[in-house]
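Chemist: First, the structure itself, so that you have it in front of you.
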Amino acid sequence: MLLVMIVAIPLAMTLAAMVCPWSPWLGRASGLASAGVLALGIWLSALTMTTPRWGAAHLMRADSLSAFMVVVIGSVSVLATSFTSRTMSQEIASGATTARHARHYVILMQVFITCMLIAVLSANLGVVWISIEATTIATTFLVSHRRTSGAFEASWKYVILCSVGIALAFLGTVLIYYGELHASGGHVASLNWTSLMAAAPHLDPRVTRLGFALLVVGYGTKVGLVPMHSWLPDAHSQAPAPVSALMSGVLLSVAFYALLRFRAVVQIALGPTFPRVALLMVGVASLLVATAMLIAQRDLKRMLAYSSIEHMGLMAVGAAVGSPLAIAAVLLHVLGHGITKAVLFLSAGEIYQLEGTTEIDRISGLLARRPVLGGIFGFALMSLVAFPPFSLFVSELSMARAEVDAGLSWVVAVSLACLAVVFAAVLRHGRHLLMGSRGDGESPSVLDRSAASMLVGALVVCVALGVLSWPVQSLLWHAAHQVTP
Amino acid sequence: MNTAYVSALDVTAGLVLFAAVMTLWRRGVRTIVSILGVQGLSLSAVALVLAIHEHDTALLVTGGLVLVLKGIVIPGLLLRASRLDPKSRETRPLVNVPASLVAAAVLIVLSYVVSARITSLAPSDATRLVPLGMATILVGYFMLVTRRRAVSKIVGLILVDNGIGLVAYLLTSGVPFIVELGSSIDVLLVVVVLQFLMVSMGRHSDVDVLTERRELRD
């Protein structure tokens, strides 16, 4: 019942937005709906700590990993949807959009959130695939919301590349299903997580190997891992800020969640080496490519997008290790990165409103002119490059420790080298944006108190996650144990 | 009965791959879309033949669904999109037609090599034909990479999907029904979305549509 309720909240909000005309209240209501999802997610985490819960005639299942993902989706969508009425009112005022499109935007945001919630709460790994593919469809129109030729180009690339990529994941799913069917003697197979885990020791190694390779490339496309990452910077830079926040903050991680589940199955079937090599290859490649692209980046939102690829690469490397410590660190990283990236994209949206551009060269002296916005952006950048006491520092440190424990010291060396370069590159761009002075006095938009306090609150949460171990730590451990056999 | 089943399966599954290769051979966009429709019908025939042979009701429903969706609705949508520009042809593919056909031959051989490790697990009349599905997938990817028109790209995407469908029916008599249903709806929606983008951009009359635009880059 609880599981159905979690999905029903954004669904009800979708229906409400379908019948009501646009007003700022619609935007505020969708913020409240996300807060409801977050609250239920936290409750669900407490309930699933010991035993998983089932719902909707065994179509839905939540263990602590699913519950944790609901919390992540809830937290980032609270941030993103709270900015809905603000962003849309600004766009309507400036003539960039109409009330009709603003309403479509609210509807699609809620459909998007619903799909992600179904993906993490579904018992069936086939349904996980369906909902992740459905997020592509919902977000296409959100990416092209501005209706410029650049936005349409980005959406086109996004749909084509993601559909092509995720089709591979479907083929991989079919092969795993075939293996399951064969392992059970051709009688019962369902792609259900529990039955798949039960059948895992008997899966045929050759079929499983091929299937997992397809899954890594396929879901890797949605995660934004090299070699299928090229849609990501375009889509994230063209979408409205709250959409970029949701896509970068959680959508990538939801696709990553599917990989974590399959990794566990494959680890039982094949032993740890094969999934480790596969994930290390895409993870390290993503790290290297993203680092190289970050150095010379000239656009603020594209810089943030490449940083997402970098963080996803780090998570893939962490998942490759596969020990409970590594997975727990990856999950903490998912949450910390989601919140930090949401704050960054939302404040980048404010900067765009203020300056009319996201080109780094054309923005400077933010801190002097807009101390609150500049300060939030600066602290969020520090969180992004994993300054202590932000939680990304803790998760990166724990991942490095897990990698050393697993005898992968060379991986730690490569990651640290990349992180050092990223650190320097991001801070150089950040300094250009924040420091210096440019006296042009008047600016059209002011970050109001409630919006600013949301962003500051989110950064405080990031610090709290890094400093306090209770109550997140036990949740992380339980969640990690779900996918570490 | 059994030989009729085997030959029906051979013919229908063979038609799926044959249609895929035909899409590489023809240049008229409308012709390509019609061939895609034939492929959808053959794919549903594969599902129906298997369903009748194995007395599988879920697969029978799936076959009907595929018949309507991939045989009629999706080709219909694409035909309507291409009607805006009746003379549209794939004029400058990155790889010309004869070379594409040679490539298709290579891809078919490759798919036999890849499929051998899968089918050896449970050899049967159906799994024997899995290479045809794999080849359809590869031809679809080839089309996506080498054809420039927006409609051709969408056709490539659907070829990949049909190929995966064929592999799924032959290997496992279809994935669980709920997954089949959901993935069919997804495919339909993707086609609708892509068609919408194509129309919104209003670039039908240009030869190298969206795919060559380079506004966004680093």
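The values are calculated or read from the model by the stated rules, or taken from the named source; none is laboratory data. This one's a predicted model, so the numbers in the text were calculated from it and none came from an experiment. Please note: Cβ atoms are built from the backbone with ideal geometry, for glycine as well, and neighbour counts cover all protein chains shown.
Chemist: Mind checking which residues of region A:131-165 are more than 8 Å from chain B (Cβ to nearest Cβ), β-branched (V, I, T) and crowded, with 24+ Cβ neighbours inside 10 Å?
Modeler: Listed by number, the residues that qualify are A:I132, A:T135, A:T139, A:V143.
Chemist: Taking region A:53-70 as the region of interest, how many residues are surrounded by fewer than 24 Cβ atoms within 10 Å (Cβ to Cβ) and either in contact (Cβ under 8 Å) with a residue 12 or more places away in the chain or in the same structural domain as A:V334 (by TED's automatic domain parsing) (or both)?
Modeler: Residues in region A:53-70 being surrounded by fewer than 24 Cβ atoms within 10 Å (Cβ to Cβ) and either in contact (Cβ under 8 Å) with a residue 12 or more places away in the chain or in the same structural domain as A:V334 (by TED's automatic domain parsing) (or both): 9 in total.
Chemist: In region A:387-420, how many residues are small (G, A, S) and either in contact with a strand residue (DSSP E or B) (Cβ under 9 Å, 6 or more places away or on another chain) or outside any helix (DSSP H, G or I) (or both)?
Modeler: Final tally of qualifying residues: 2.
Chemist: Something else: Which condition from (1) outside the structural domain of A:M197 (by TED's automatic domain parsing); (2) hydrophobic (A, V, I, L, M, F, W, C); (3) in a helix (DSSP H, G or I) is the one that A:A96 breaks?
Modeler: Of (1) outside the structural domain of A:M197 (by TED's automatic domain parsing); (2) hydrophobic (A, V, I, L, M, F, W, C); (3) in a helix (DSSP H, G or I), only one is false for A:A96: (3).
Chemist: Of all residues being closer than 24 Å to A:L125 by Cα and basic (K, R) in region A:259-310, which is surrounded by the most Cβ atoms within 10 Å (Cβ to Cβ)? Just the residue, please.
Modeler: Across region A:259-310, the extreme among qualifying residues is A:R263.
Chemist: Say we look at region B:135-151 and pick out the residues that are surrounded by fewer than 23 Cβ atoms within 10 Å (Cβ to Cβ), touching a residue at least 40 places away in the same chain (Cβ under 8 Å) and not charged (D, E, K, R); which of these is nearest to the other protein chains (Cβ to nearest Cβ)?
Modeler: Filtering region B:135-151 for residues that are surrounded by fewer than 23 Cβ atoms within 10 Å (Cβ to Cβ), touching a residue at least 40 places away in the same chain (Cβ under 8 Å) and not charged (D, E, K, R), the one nearest to the other protein chains (Cβ to nearest Cβ) comes out as B:V145.
Chemist: If you take the residues in region A:12-35 that are of a type in the set (A, V, I, L, M) and crowded, with 18+ Cβ neighbours inside 10 Å, which one is modelled with the lowest pLDDT?
Modeler: Only one residue tops the list, namely A:L26.
Chemist: Given the criteria in contact with a helix residue (DSSP H, G or I) (Cβ under 6 Å, 6 or more places away or on another chain), surrounded by 22 or more Cβ atoms within 10 Å (Cβ to Cβ) and not assigned by TED's automatic domain parsing to the domain that holds A:P21, does A:I113 qualify?
Modeler: No; evaluated as a whole, the condition is false for this residue.
Chemist: Could I ask something else about it? Evaluate region A:119-126: report whether one residue or more is within 14 Å of chain B (Cβ to nearest Cβ), part of a helix (DSSP H, G or I), without any contact (Cβ under 8 Å) to a residue 24 or more places away in the chain and not hydrophobic (A, V, I, L, M, F, W, C).
Modeler: No, because not a single residue in region A:119-126 is within 14 Å of chain B (Cβ to nearest Cβ), part of a helix (DSSP H, G or I), without any contact (Cβ under 8 Å) to a residue 24 or more places away in the chain and not hydrophobic (A, V, I, L, M, F, W, C).
Chemist: Scanning region B:162-181 for residues that are at the interface with chain A (Cβ under 8 Å from one of its Cβ atoms) and assigned to a helix (DSSP H, G or I), which turns out surrounded by the fewest Cβ atoms within 10 Å (Cβ to Cβ)?
Modeler: B:I178
Chemist: Still on this structure, please answer the following. Restricting to region A:271-302, give me the number of residues that are more than 14 Å from chain B (Cβ to nearest Cβ) and not in a loop (DSSP other than H, G, I, E, B).
Modeler: Adding up the residues that qualify gives 16.
Chemist: Among B:L132, B:L159, B:L84, which is surrounded by fewer than 24 Cβ atoms within 10 Å (Cβ to Cβ) and either of a type in the set (A, V, I, L, M) or more than 20 Å from A:L175 (Cα to Cα) (or both)?
Modeler: B:L84
Chemist: Among the numbered criteria (1) loosely packed, with under 13 Cβ neighbours inside 10 Å; (2) in contact with a Gly (Cβ under 6 Å, 6 or more places away or on another chain), which single criterion is violated by A:L381?
Modeler: (1)
Chemist: Restricting to region B:182-197, name every residue that is within 16 Å of B:G76 (Cβ to Cβ), within 20 Å of the chain's Cα centre (by Cα) and either touching a residue at least 12 places away in the same chain (Cβ under 8 Å) or more than 7 Å from chain A (Cβ to nearest Cβ) (or both).
Modeler: B:S184, B:V187, B:L188, B:V190, B:V191, B:V192, B:L194, B:Q195
Chemist: Here is a follow-up. Can you find a residue that is over 28 Å from A:S77 (Cβ atoms) and assigned to a loop (DSSP other than H, G, I, E, B) anywhere in region A:337-358?
Modeler: There is no residue in region A:337-358 that is over 28 Å from A:S77 (Cβ atoms) and assigned to a loop (DSSP other than H, G, I, E, B).
Chemist: Check whether at least one residue in region A:357-377 is among the acidic types (D, E), more than 20 Å from the chain's Cα centre (by Cα) and farther than 30 Å from A:V277 by Cα, and report yes or no.
Modeler: Yes: one or more hits.
Chemist: Which of (1) outside any helix (DSSP H, G or I); (2) surrounded by fewer than 22 Cβ atoms within 10 Å (Cβ to Cβ); (3) more than 9 Å from chain A (Cβ to nearest Cβ) is the odd one out, the single condition B:A122 does not satisfy?
Modeler: (3)
Chemist: OK, next. When region A:327-368 is examined, which residues are found to be small (G, A, S) and within 22 Å of A:M435 (Cβ to Cβ)?
Modeler: A:S347, A:A348, A:G349, A:G356, A:S364, A:G365, A:A368
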